Each structure stands twice: as structure tokens, then as C-alpha cells.
1. Using the Cα centre of the stretch 184-229 as the reference point, and only Cβ charges (+1 on K/R, -1 on D/E), how large is the resulting charge dipole? Debye, rounded to the nearest 20.
2. Per residue of the chain, what 222 nm ellipticity follows from adding -39500 (n - 2.57) for every DSSP H run with n ≥ 4, rounded to the nearest 500?
3. Check the straight Cα-Cα distances from residue 138 and name the lysines below 20 Å, setting aside those fewer than 8 residues away within the same chain.
4. How many percent of DSSP beta bridges within the chain run antiparallel, rounded to 5?
5. For the stretch 18-133, what does the alpha-carbon gyration tensor say about shape, rounded, prolate or oblate, given a ≥ b ≥ c as the root eigenvalues, a/c under 1.5 as rounded, and a/b over b/c as prolate?
6. Quick check: net charge around residue 58, other residues with Cβ under 10 Å of its Cβ, Lys/Arg +1 and Asp/Glu -1?
7. For the peptides 30-40, 11-21, what is the packing order when you average, over each peptide's residues, the other Cβ atoms within 10 Å and list the highest mean first?
8. Can you give me the Cα centroid spacing of the stretch 130-171 and the stretch 226-276 in angstrom?
Amino acid sequence: MNKEGKIVGAAIVSHHPGLMQTDEFRLEDGAGRDSDLIAGFQRLRARIEAVQPDVIVIFDSHWFTTGYHLVDARARHKGVYTSVEMPWYLNGLEFDYPGCPELAHLVQQVAEECGVMSMAIDDEHMPHEYATINLVTKLGLPQPYLSVSNCQNCQSHHFLESGKVVGEAIRRSGKRAVLLASGALSHKFNEIDWVRKSPRIFDYENISSADNIASDREAVALFEQGRHDVIVERFPTVYRKIPWEGLGGHYLQMVGAMGGADCRARGIPLSEYENARGTGNMHIWFEVEQ
């Protein structure tokens, strides 16, 4: 009998482009102190290495799709990435890493059985998104990666259903998986001509709204308590309206794979809570019982 696969760890992870700048640039923009998210990547890497996953699944809040949840079924990812959003900021980034086509196709199989609209896509010309590429680059881990899209015409329960499918596919695969929800919490940008409240750009005081700061802090406290039931219940009426990045699809799919509202994995902050152009960013690890 084949062994069951399982989720051995999970995290919400920031991917913002400022993290990809040189150390000197970040220190200058940080008024002499780097973003703690940089050191947080090393803390996250240590957590991932400790649980020894076979595959890392990234719920990519930038891979917007319509009509289907998609999973990237390519066996190899290789190329040079320049962001269309901020090409002066994020450009010429070389990447080369393995995919996990067998898990991608298993996700589609489970989805078809469950009546969920998820599809595996293997197309060498499909572009990549920096919500995946930045994490792969910063973590530098050898495991295969599987990216999952953020379907924009979804309500919160659709994301949870997609995540549940991914979780079942992992169980059937026999693989040990780490889940990474790649994206911010509150995601309202400052205006183009905004003036910093703090000279250190990463300071949370530069986040676009005091209400968003309060809401993010409340959510982090709930994560630390493992109260995903409260987060899930509030999502359609509270967090989606703020909104979180990608309508929260990265988090909702991650927690959907971990049991949805029944998940009680406690969050462990791996970085300070920081600003990125007005959005609330943090690395948070969720401990999963082995």
C-alpha cells in the first residue's frame, strides 16, 4: 500500500519587488536598516529544511486566471524574468528550477472527481509571475515547485474548495509538501505621489491606512492563536473588502488544503510586520503536527 502524502508545513510569505533590490539599495531605502523580511527568508528556509518536503506548493497571488483554478504542470522552469509591472525595479532575473507535473495532473484528477474547476496546464510559452519567482530565488531550495493560480472570478468559498482539492491531491501523491501562500495581507497601495510618514520605507507606519494596520494586526493575532475558523468566517465580509492581496486567494487556498475552518495550525511570525508601497507584508509560518 502506498504511503499517504501530507502537508508538513505552511506559510504566508511576502514577495514584494523591493526585496529583490541590492543590499545597498535596501539599506538606503530603509534609512540604514534592511527589511526584516530578508532575514525572514532565511528563517523560513530553515523551517522548510527541517520538515524535509518533497515538493513546495506556491499559491501565487499574481497569477490571475479566469474561469479555472490552474496548476502549472511544466517539468522544468527556466528563463529570465522582467516584471511588466515594475521593469525598472525587477528585471533580468534568471531562474531555473524543477516543477512537479505528476502532482499537477493529480490535482486536476481530484478536481474532476469533486466538480471543482481546476486544470493542469503544460505550456512552455506561459509566462511566470514574480509571486513565484521571487520566492524560489530567495529561498534557493532544490525541491520541485508547483504554482497554483489565483482565479479572479471566485468567492472565498471557491478558493477554499480549490485548496481542499490540492490537499487531497497531496494526500494521494505520497509526497511531503510545504504550502506557501505568496502575497500580502492588506493590499491598498499608496498614491503615486505619496509622502512617507517614516523615512524608513519598510516601517509599518507607511502602510496606506491606519484601519488596515489595525485589521492586519488583528489577523496576525488570530493566526498566532490558530483561529483560522474566525479568519475564514470573516473573510467574505471583512478581509475581502479591505482587500487582502488577490482577494485573499493565496491564504484561503492554503488553509483550504489544511482543513479550512477546522484548521488550528498556529502561526509563528518569522519577520516584522512591514510596509511595501502601502501594503501590509509579513512572513508567518504555520506549524503542522507531524
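1. Working: 6 positive and 9 negative charges, 27 e Å.
Here the size comes out at about 120 debye.
2. The helix contribution divided over the chain gives -10500 deg cm²/dmol.
3. Result set, ordered by chain and number: 78.
4. Details: 17 of 40 bridges.
In the chain, DSSP labels about 45 percent of beta bridges as antiparallel.
5. Note, shape of the stretch 18-133 comes out prolate.
6. So the surrounding residues net to -3.
7. Descending packing order for the listed peptides: 11-21, 30-40.
8. Cα centroid to Cα centroid, the span is 14 Å.
A short reminder: the numbers here are calculations on the coordinates, not readings from a lab. On a predicted model such as this, the values are computed, not experimentally measured, just so you know. A quick note on method: Cβ atoms are made from the backbone with ideal geometry, for glycine too, and the neighbour counts reach across all protein chains shown.
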